[in-house]
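Q: I have a structure here, written as C-alpha cells, and I will follow up with some questions on it.
The values are calculated or read from the model by the stated rules, or taken from the named source; none is laboratory data. Not measured: the values here are computed from a predicted model. No Cβ is skipped: glycine too gets one built from the backbone with ideal geometry, and neighbour counts run over all protein chains shown. Accessible surface areas use protein heavy atoms only, side chains included; no ligands, DNA or RNA. Shrake-Rupley method; radii C 1.70, N 1.55, O 1.52, S 1.80 Å.
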Number of protein chains: 2
Amino acid sequence: MYLPPGVTPTDFAAAIRHFETAVGKEWVFTKDEDVDLYKDSFSPFLGEPEERVASAAVAPDSVEQVQQIVRIANQYKIPLYAISTGRNLGYGGSAPVYSGCVVVDLKRMNRILEVSEDHASVLVEPGVSYFDLYRHIKERKLKVWVDVPDPGWGSLVGNALDHGGGYTRPYFRNHFDAHCGMEVVLPNAELIRTGMGALPGSKTWQQYKFGVGPWVDGIFSQSNFGIVTKMGFWLMPQPEAYFSGTVYAQKHEDLHQLIRVLTILEDGGITNGMPDTSSPLLGIISIAEQARMLAVDTPQAAEEPQLLALRDKAATGDYTGLESYGQRKGIPYWSATIKFYGPAKVVPLQWEYCKEKFSAIAGATFKDGELVRFPLASDPTDQARFPEFGIPSLNNFSIGAESSTNPQPLHGHMWFTCIIPRTGAAIIEVNQMFAAAAREFGLPELRFQLPAWYWQRSAICIFGFPVTTDIETNKKNRGHIFRLIEMAAKKGWGEYRTPPAYQDAVVGAYSFNNHSLLKFHESIKDAIDPNGILSPGRYGIWPKHLRKKI
Amino acid sequence: MYLPPGVTPTDFAAAIRHFETAVGKEWVFTKDEDVDLYKDSFSPFLGEPEERVASAAVAPDSVEQVQQIVRIANQYKIPLYAISTGRNLGYGGSAPVYSGCVVVDLKRMNRILEVSEDHASVLVEPGVSYFDLYRHIKERKLKVWVDVPDPGWGSLVGNALDHGGGYTRPYFRNHFDAHCGMEVVLPNAELIRTGMGALPGSKTWQQYKFGVGPWVDGIFSQSNFGIVTKMGFWLMPQPEAYFSGTVYAQKHEDLHQLIRVLTILEDGGITNGMPDTSSPLLGIISIAEQARMLAVDTPQAAEEPQLLALRDKAATGDYTGLESYGQRKGIPYWSATIKFYGPAKVVPLQWEYCKEKFSAIAGATFKDGELVRFPLASDPTDQARFPEFGIPSLNNFSIGAESSTNPQPLHGHMWFTCIIPRTGAAIIEVNQMFAAAAREFGLPELRFQLPAWYWQRSAICIFGFPVTTDIETNKKNRGHIFRLIEMAAKKGWGEYRTPPAYQDAVVGAYSFNNHSLLKFHESIKDAIDPNGILSPGRYGIWPKHLRKKI
C-alpha cells in the first residue's frame, strides 16, 4: 500500500474506516490488486518510480456520500483524486496526478436524471457513459443525438470537463460549450448548483446557462476546484438527413484557399459537420498509423520510388514535380470531405453552394456523396463512420492493436495535441515543425499531416508517441514531448489537453506576464481548498504546501 | 462632493492627486456637474437618498493606467466602479451599485485592435461601441456581421459581460458565448490574459476559447472580480441571403405545438434567426407599449367591444368565443415569423421544410416572406428591421418618447426580465402570473404577451415599469418588482439581469442550499479582492466589510 505523503498509517486507517462508514465497506478499495486498477493503463512511467499510484479508492453512490468523503479528507488532510469513469486514456486514465491520492471513483453515480426530447437536453451524473446515454435514447426512440467522442465508453461529464469534443455540428462538437448547468461538491464539502440550478425548483436549469451573477462553470473544467456531481447537456435534434461532398484541389498552394473557404463556410453554418481533409498525393496518414509507425518502425507502404523521391523534394519546398506527377496520374494534391446535417431537400443544395465557393480554386473537382436518412435502418458497416452519426464505438482502440501488418502491438499511446490557426500556412508550418522534431529525435521521416480535428474556429494537430514497456524508450519519448511543447510555444501555439506527466510543462508555457493566470488559479485554489485536498497538481494547480516557486 | 464611505477627505484628496498623475488632470472628474453625468439616467431612486452617486470619475487610456488606478484604490481603500461605455440603461447605466465609488470610465479605451474577415473574429477594448465596430467593418467592406443588441451605442465588452444578446443566429445571439479570449486587470492590479492569450505571442487567442486548465472567463461576467480591458468576439460571416416566413395558427391550444415545433427547428439549426411571435387575436402588444401604458394609463386602442369582452373571457380560460370570432373575421390566434440566413438557393427550402413541420398543427396557414440579398444596397427603411441585419441603431429609444399618441413621455424604464422554459405552457403561466400581479398592483389590465426574446434554449418575458419623476410612484413600482421576483421564484423562474436596485433580491432568489453559490462567489471575492475595492455590491457580491448576514 502506498500511503498519502505526510499522513500517518494510524490516521490513514482511521480515514479508511470513516470512508467505509460513509459508502459501505465493499466500496472502499485498499488491496493492491484493487488499487492497481486505478493506474494509468497508458502510463509513460511504467516500472519507474514516477508512476502515479493511488493509496486507495472509494466509490460513492450519492452526492451526500461525496460530501462525506470530502469532509473526511479535510479532517485527515488526505488528498483525493476524482474521476468520472477513468476512461481518459492517453490523457492520464484514472491515475492521480499526485501519488498517494485516494481516488474518488464516481462510476456508481450513473443515473440519467432527465432527457427531454422537446428541449434536446439531458441531465446526467458523472458515471454515465456515451454508450449508456445512447442506449437510453435508442430504447425510447427519442429523436435526439449525442455528440460522441472517440471512444464512446467515456463519461459525458468527464469528457466535457476535460474539454473533449466530437464530430457532429460545431454547436455540439465542443462538449463543454454544449453543457448547461452543473452541480458541484466544493473542496469544503459544500454543494452548489450553477446557472439556473441555484434557484430552488428551477424550471430552466438545462435551458439557460448563466443564471445570474458570475458564471463559474468554466473554473471546474481541467481543474481541481470541485467534484462535479451532475451536469446538463444540450443534444442535437435528430436531423432528417445527412449529405457529404468532396472537393479536390490540384496544387500545393491550393491548401491556403481550401482551408480559407472551408472555414468561412463552416463559420457561416453552411457546412455543419466535421471536415475530413487529406492529401492523397502526400500519402497523408492517420495519427493512429503515425503512432504505430513510430513504435515499430514499419516501413511506409510500398509505393513508387519516384513518388517517394518527389515527396522528399516537396518537403524541401520544391513541389512542382509532385504536382505534375499527380496531374499525370490523376491523383489530387488535397481533398476535403465536408458534411451537412439537415432536411433532405436542403443538404444537397448546401453542397451546391459550397461547390460554387470552392470553384474559386482553379482546377478544383468535386465528388458528390450519398444522401443518408435518419433514423438509420441499421448501423453503418464502417465503424469509422459511427461518430458522425452520433453512435458511440470503441473503434479507435484498433490504434496500434495486433494485426497482420503490426506484429508488435502498442502498450498505449500519448498525444501531443497542439492548437493551431485554421489556415493553410499554419498547417504547413506545423508540419515543418514536426519534421524538424522528428529529425532531431532521430525518428523515421514523418508524412505530412492535416489537422486531426477541426475545432470550431481552430484546428488541432497531433504528434503521437507510443507508450512501450521499455523504460528507456518511454524516457526518451517523454523528453520529446517536453521539447515539442517548447517548440510550439515559440511559434505561439499551445496544447489544449495533456497527460499528468506534462501538465506542469504545458501550463508553464501559458506564461504571459510572469505566469499571472496560473497565480490567479492558485489564489482561487488557496481560498476554496485551504487544506489542498482535492486533486493536487491537476493542470499545474498545486496546493500551497506542494507548490514550487515559478 | 460625495466621499467614499470611511475615507477621510485628506486621503481622498491624496488619491485624486495620484489618479491625476496616472491619467492626466483632464481625465479625473470631481466637479459635481461632471460627476452627476455618471448618475443612472433611468434611476428609480431619482430625488431619494438611495440614489446611487459616484464620488469622482477617472478615465484611463491604457491598461497600464487601469492598473495604476487599481493600485491607488487599494492603497487608499477607495471603492471603484468600472464601466465600459455606461450605456446600460434600464440596468443601472453608469452609476455605481455602491454610492461613493470612483467610476472608472473606459470610454477612451476604444481601439479596435484586430478584425479578421477570414476567421470572422475581432479583438476590442471596452470603449468600442457596436456603432464603432459596424462603421469600421463597413468602411473596409469586410464580409462579416456584428450581432447587435438594442440599442447599438453600447459596448461590445459591456454588453457581453452583462449577458446581453442580439437578433441573428443563435450561435452569435448569445454575446458572452460568442466571445473568445479576455484580458483582465485583477483587483490586485495584476494583468491576466485568458484562454490562448496566456501563451506569449499566441496565434489563436480569438480562435480557441479555453486555453489549458480552468476556464475563468465566466467569472468576470456580471461580477466584480476584475476589469476587462480586452475581449475577443466571433463575428457572423455575411450570409448570401435572408428569408423569412410566417406561420399562423387558429386555436388557443395551438400555442403548445407552435412553440414546440419552433424550438425543435431552431435547435436543429434549420431556422437560424430570432423568431417573432405574436397573437393578432389577443392584440398582443410590445413591451415598449406596455411600459408606456402603465405610465400614462393610455386606453388600449379602440377596438370592437365584442372583441374586448371575448378577450376578457379568454383570460379566464374560456377562449372558444375568441377563437370563433377570429375564424369569422379571418384573424389568426397566433403567428410566428421565423428567419433564415444562408445561401439564396437554400433558405427558401429551409422554410419549405419548416412549413411541413408546422403543418402538424391543424389549420395552420403560411405566408412567405421576401428574399433579401447581402450586402444591402441601402439600409432598410424600417429601423425595427436593423438588428436582424446586424445594423446598430437607436430605434429603441422611441420607447416612451413624446409623440402625438403619448403626451407624457417617460423619464425611463426598468425591466423585470424573467427566464422561462420555451413552452406554450410556460408562456401561458407567465401571463397568468403577470395578470395576477397587475391586479394585485392595481395596474391596468395587461394584454397577453409572448416572449420578448427567444434565447438559445429558453425565452425571456418582460414586465416593464416606467421610471417617473414622482417619488411615490417610483417607490410603488420598486415594490412591485420585488414582489414579481418573489412570485417568479415560487414558480422556479429567475431573472437573468437586473438594475442595481434589485440585484440583492434577484441574487437572493438563487438560494439553493442556503445560498451556497453566493457564498462561493464571496469566498472568491475575499481571496482576490481583500480590500473590497472593486465594484462593491455588483450582482449581490459585497466585500467582507460591507456584507450583510444572509
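Q: Which residues, taken from segment A:126-155, are within 17 Å of the chain's Cα centre (by Cα), open to solvent by 10 Å² or more (accessible area, probe 1.4 Å) and closer than 24 Å to residue B:263 by Cα?
A: A:147 - this is the single residue of segment A:126-155 that is within 17 Å of the chain's Cα centre (by Cα), open to solvent by 10 Å² or more (accessible area, probe 1.4 Å) and closer than 24 Å to residue B:263 by Cα.
Q: A further question on this structure: Regarding residue B:466, is this residue in contact with a helix residue (DSSP H, G or I) (Cβ under 7 Å, 6 or more places away or on another chain), more than 10 Å from chain A (Cβ to nearest Cβ) and not hydrophobic (A, V, I, L, M, F, W, C)?
A: Details: in contact with a helix residue (DSSP H, G or I) (Cβ under 7 Å, 6 or more places away or on another chain): yes; more than 10 Å from chain A (Cβ to nearest Cβ): yes; not hydrophobic (A, V, I, L, M, F, W, C): yes.
Yes.
Q: Being within 7 Å of chain B (Cβ to nearest Cβ) and of a type outside the set (Gly, Ala, Ser) is the filter here; which residues of segment A:531-540 pass it?
A: The answer is A:539, and nothing else.
Q: Can you confirm whether segment B:156-174 contains a residue that is among the β-branched types (Val, Ile, Thr), more than 14 Å from every other protein chain (Cβ to nearest Cβ) and open to solvent by less than 20 Å² (accessible area, probe 1.4 Å)?
A: Keep residues of segment B:156-174 that are among the β-branched types (Val, Ile, Thr), which gives B:157, B:168.
Checking which are more than 14 Å from every other protein chain (Cβ to nearest Cβ) leaves us with B:157.
If we keep only those that are open to solvent by less than 20 Å² (accessible area, probe 1.4 Å) too, we end up with B:157.
Yes, the conditions are met somewhere in segment B:156-174.
Q: Let me ask you something else. Considering every residue within segment B:527-550, establish whether at least one is modelled with pLDDT under 95 and not basic (Lys, Arg).
A: yes
Q: Does residue A:206 satisfy the condition of being within 24 Å of residue B:460 (Cβ to Cβ), more than 7 Å from chain B (Cβ to nearest Cβ) and open to solvent by 10 Å² or more (accessible area, probe 1.4 Å)?
A: yes
Q: Of the conditions (1) surrounded by 23 or more Cβ atoms within 10 Å (Cβ to Cβ); (2) in contact with an Asp or Glu (Cβ under 7 Å, 6 or more places away or on another chain); (3) farther than 24 Å from residue A:130 by Cα, residue A:76 fails just one. Which one is it?
A: (1)
Q: Looking at (1) within 18 Å of residue A:346 (Cα to Cα); (2) open to solvent by 10 Å² or more (accessible area, probe 1.4 Å), which is the one condition that is false for residue B:347?
A: Here residue B:347 meets the rest and fails (2).
Q: Would you confirm whether any residue within segment B:194-201 is open to solvent by 10 Å² or more (accessible area, probe 1.4 Å) and either within 11 Å of another protein chain (Cβ to nearest Cβ) or outside any loop (DSSP other than H, G, I, E, B) (or both)?
A: Going through segment B:194-201, the residues open to solvent by 10 Å² or more (accessible area, probe 1.4 Å) turn out to be B:200-201.
Retained after the next criterion (residues that are either within 11 Å of another protein chain (Cβ to nearest Cβ) or outside any loop (DSSP other than H, G, I, E, B) (or both)): B:200-201.
Checked against the condition, which is being open to solvent by 10 Å² or more (accessible area, probe 1.4 Å) and either within 11 Å of another protein chain (Cβ to nearest Cβ) or outside any loop (DSSP other than H, G, I, E, B) (or both), segment B:194-201 yields at least one hit.
Q: Assuming residue A:501 fulfils every condition listed in (1) within 22 Å of residue B:530 (Cα to Cα); (2) away from chain B (no Cβ under 11 Å) apart from one, which condition is it?
A: Condition (1) is where residue A:501 drops out.
Q: Still on this structure: Under 7 Å between Cβ atoms, at least 6 apart or on separate chains: pull out the pairs that start in segment B:513-530 with a residue that is more than 7 Å from chain A (Cβ to nearest Cβ) and end on any residue that is surrounded by 19 or more Cβ atoms within 10 Å (Cβ to Cβ) and part of a helix (DSSP H, G or I).
A: Final answer for the pair search is B:518/B:507; B:518/B:540.
Q: Check whether at least one residue in segment B:445-452 is open to solvent by less than 30 Å² (accessible area, probe 1.4 Å), away from chain A (no Cβ under 11 Å) and part of a helix (DSSP H, G or I), and report yes or no.
A: no
Q: Hey, among A:494, A:479, A:508, which residue is out of contact with any Phe, Trp or Tyr (no Cβ under 8 Å at 6 or more places or on another chain), within 11 Å of chain B (Cβ to nearest Cβ) and either farther than 28 Å from residue A:57 by Cβ or not hydroxyl-bearing (Ser, Thr, Tyr) (or both)?
A: On the way: A:494 fails: out of contact with any Phe, Trp or Tyr (no Cβ under 8 Å at 6 or more places or on another chain); A:479 fails: within 11 Å of chain B (Cβ to nearest Cβ).
Result: A:508 is the single residue among A:494, A:479, A:508 that is out of contact with any Phe, Trp or Tyr (no Cβ under 8 Å at 6 or more places or on another chain), within 11 Å of chain B (Cβ to nearest Cβ) and either farther than 28 Å from residue A:57 by Cβ or not hydroxyl-bearing (Ser, Thr, Tyr) (or both).
Q: Let me ask you something else. Here's a check for you: in segment A:243-285, which residue that is part of a strand (DSSP E or B) and either without any contact (Cβ under 8 Å) to a residue 12 or more places away in the chain or not aromatic (Phe, Trp, Tyr) (or both) is nearest to the other protein chains (Cβ to nearest Cβ)?
A: Within segment A:243-285, the match that is nearest to the other protein chains (Cβ to nearest Cβ) is A:245.
Q: Residues being aliphatic (A, V, I, L, M), open to solvent by less than 30 Å² (accessible area, probe 1.4 Å) and not in a loop (DSSP other than H, G, I, E, B): count how many of those fall in segment A:1-55.
A: Quick first cut of segment A:1-55, residues aliphatic (A, V, I, L, M) only: A:1, A:3, A:7, A:13-16, A:22-23, A:28, A:35, A:37, A:46, A:53-54.
Narrowing further to those that are open to solvent by less than 30 Å² (accessible area, probe 1.4 Å): A:7, A:14-16, A:22-23, A:28, A:35, A:53-54.
Narrowing the set further to residues that are not in a loop (DSSP other than H, G, I, E, B) leaves A:14-16, A:22-23, A:28, A:35.
So the answer is 7.
Q: Also, quick follow-up: It is to be established whether one or more residues within segment A:222-242 are open to solvent by 10 Å² or more (accessible area, probe 1.4 Å), of a type in the set (S, T, N, Q) and part of a strand (DSSP E or B).
A: No, there is no match, as no residue in segment A:222-242 is open to solvent by 10 Å² or more (accessible area, probe 1.4 Å), of a type in the set (S, T, N, Q) and part of a strand (DSSP E or B).
Q: Is segment A:472-491 home to any residue that is open to solvent by less than 30 Å² (accessible area, probe 1.4 Å), closer than 20 Å to residue A:150 by Cα and out of contact with any His (no Cβ under 9 Å at 6 or more places or on another chain)?
A: no
Q: I'm trying to understand the selection: among the residues of segment A:517-550, which are under 21 Å from residue A:190 (Cα atoms), of a type in the set (Ser, Thr, Tyr) and assigned to a helix (DSSP H, G or I)?
A: Correct list: A:523 only.
Q: For segment A:93-114, give me the residue count where each residue is within 14 Å of residue A:231 (Cα to Cα) and either within 14 Å of another protein chain (Cβ to nearest Cβ) or not aliphatic (A, V, I, L, M) (or both).
A: 3
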